[in-house]
Amino acid sequence: MTLDDIHIRTDVKPGDIGYIVHMHGRLYGEEYQYGLTFEAYVAESIAEFALSFNPDREAMWFCEHGSKIIGFISLVDRGNQAQLRYFIIEKAYRGLGLGKKLMELFFDKMHAIGYKSAYLPVSYT
């Protein structure tokens, strides 16, 4: 498995947003013992993001291996700043350079839009 085996797309297909919620619930449950409250938080916040999505100021990147989503990151408009959200990669695909590639895409888009800075929230509470 190499980074070349992974396709990164920016178009949103039916079921994508729900699958990203599922990934967060499952992986954060396994790795950090987060429960239903966290999954509900992700569901609510990503639904809000998806419903108000502005492709001129925001972006989503879906990473696929075959037909399965194995990673995701988004750039959310927060006025003068970009917010990095929902950054997740399946355990089996970590260590390939995918995270680095997603961060490069994020910062390239951030600068192309004209944001001067970005931030990552430190907790969901």
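The values are calculated or read from the model by the stated rules, or taken from the named source; none is laboratory data. All values reported here derive from a predicted model rather than from experimental measurement. Please note: Cβ atoms are built from the backbone with ideal geometry, for glycine as well, and neighbour counts cover all protein chains shown. Heavy atoms of the whole protein, side chains included, go into the accessibility calculation; ligands, DNA and RNA do not. Shrake-Rupley method; radii C 1.70, N 1.55, O 1.52, S 1.80 Å.
Note that the chain presents 56 Å² accessible area per residue, ligands and nucleic acids not counted, probe 1.4 Å. Among the lysines of the chain, pairs at least eight places apart or on separate chains and with Cα atoms under 17 Å apart come to 6.
Calculate how many DSSP beta bridges within the chain are antiparallel, expressed in % of all such bridges and rounded to the nearest 5. Just about 85 percent of them are antiparallel. Computed across the stretch 64-125, the Kirkwood radius stands at 12.7 Å (inverse of mean 1/r, all Cα pairs). Each residue of the stretch 67-73 was assigned a 3J(HN,Hα) from its phi angle through the Karplus expression (A = 6.51, B = -1.76, C = 1.60, θ = phi - 60°), giving 9, 9, 6, 10, x, 6, 8 Hz with x at Gly and Pro. Treating each Cα of the stretch 24-117 as one equal point scatterer and applying the Debye formula with no solvent, the log10 of I(q)/I(0) at q = 0.10, 0.15, 0.17, 0.20 Å⁻¹ comes out as -0.29, -0.65, -0.83, -1.08. Heavy-atom surface analysis with a 1.4 Å probe gives the chain a carbon and sulfur content of 53 percent of its accessible area. A straight chain from Lys116 to Leu51 at 0.36 nm per residue would run longer than the Cα-Cα distance by 20.9 nm.
Shown in residue order for the stretch 23-40 are the 3J(HN,Hα) couplings computed by the Karplus curve 6.51 cos²θ - 1.76 cosθ + 1.60 at θ = phi - 60°: 4, 4, x, 5, 5, 5, x, 5, 8, 10, 6, 6, x, 4, 4, 5, 4, 5 Hz (x for Gly and Pro). Computed from the C-beta positions of Arg9 and Leu36 and an R0 of 30 Å, the FRET efficiency is 0.50 to the nearest 0.05.
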